[in-house]
Amino acid sequence: MEAIFSVENLLALITLTVMEIVLGIDNVIFISILAGKLPPAQQRPARQIGLSLALITRLLLLLSISWIASLTQPLFELGPWHVTGRSLIMLGGGLFLIYKATTEIHEKLEGAEHAERSAAVTTMQAVVFQIILLDIVFSLDSVITAVGMANELWVMMTAVVIAVGVMLFLAEGIAKFVNDHPTVKMLALSFLLLIGFSLVAEGFELHIPKGYVYFAMGFSVMVEMLNLRAAAKAKARQPVQLRQRYDTTKLSH
């Protein structure tokens, strides 16, 4: 029992939980944007279903670590590219993410008529299906990170459960903030493009350090927060109205 709850395992649990939360933010943003296309009454259930499916997917992947390990074995080679199961999943997921982010940006820039036409064909089943596809990609990346950072299965599973619980708690606030600020929504879609590109690069064995990606995202968020704060101050500041001492209309006569 002491070996299970050793200091090393507890430190691994804390570190992995924080890492899983950070890696899960992009998943929450994507789910929030997709759920935002539904009627208001269906948005919260869609977010909860999406994150619950993400939890189930990650736990099932953790229970099949041997299969996860097999995904890194080359299936065939195309010149210098060693094609693995993981690279195919990353490539497919990255292309899908780029496609979805591009169509969402196009919809936002196309105008209200296009948005209403798009919203009319969006159903709960379609949104949940798209969430499932992206959950597989995000969960695979998350699980591979977990396997590389911890040795105990209970540490990985506990970290995943805590991280998804935190994401469930924060999802509604994140969704409301993103939907209430069009510039933040556009920035979030740009992040999804960036993540999609990095997944495609990973699929082609071009490793982009995640620190670079998250630094760029963090810097962009900081600039956007400063812009929002400046805009709020400018809106709150009322222009000074100077009172006229003389009636200029009467003076003109």
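Restricting the search to segment 74-89, which residues are open to solvent by 40 Å² or more (accessible area, probe 1.4 Å) and outside any strand (DSSP E or B)?
GLY79, PRO80, ARG86, LEU88, ILE89
Just a yes or no: is a residue in segment 8-28 assigned to a loop (DSSP other than H, G, I, E, B) and without any contact (Cβ under 8 Å) to a residue 40 or more places away in the chain?
No, segment 8-28 contains no residue that is assigned to a loop (DSSP other than H, G, I, E, B) and without any contact (Cβ under 8 Å) to a residue 40 or more places away in the chain.
Picking from VAL137, VAL143, VAL213, VAL184, which residue would you name as being among the aliphatic types (A, V, I, L, M), modelled with pLDDT of 80 or more and out of contact with any strand residue (DSSP E or B) (no Cβ under 6 Å at 6 or more places or on another chain)?
It is VAL184.
Against the definition (closer than 23 Å to ILE56 by Cβ, hydroxyl-bearing (Ser, Thr, Tyr) and open to solvent by less than 40 Å² (accessible area, probe 1.4 Å)), how does SER142 come out, yes or no?
So SER142 passes the test.
Of all the residues that make up segment 163-186, how many are among the hydrophobic types (A, V, I, L, M, F, W, C), farther than 19 Å from GLU20 by Cβ and crowded, with 17+ Cβ neighbours inside 10 Å?
3
Has segment 187-203 got at least one residue that is open to solvent by 60 Å² or more (accessible area, probe 1.4 Å), among the acidic types (Asp, Glu) and more than 14 Å from THR57 (Cα to Cα)?
Checking segment 187-203: not a single residue is open to solvent by 60 Å² or more (accessible area, probe 1.4 Å), among the acidic types (Asp, Glu) and more than 14 Å from THR57 (Cα to Cα).
Mind listing whichever residues of segment 18-58 are closer than 18 Å to VAL160 by Cα, surrounded by fewer than 18 Cβ atoms within 10 Å (Cβ to Cβ) and of a type in the set (S, T, N, Q)?
Scanning segment 18-58 gives GLN48, SER52.
The values are calculated or read from the model by the stated rules, or taken from the named source; none is laboratory data. Remember, it's a predicted structure, so these values are computed and weren't measured experimentally. Positions of Cβ are backbone-derived with ideal geometry, glycine not excepted, and every protein chain shown enters the neighbour counts. What goes into the accessible areas is simple: the full protein's heavy atoms, side chains included, and nothing from ligands, DNA or RNA. Shrake-Rupley method; radii C 1.70, N 1.55, O 1.52, S 1.80 Å.
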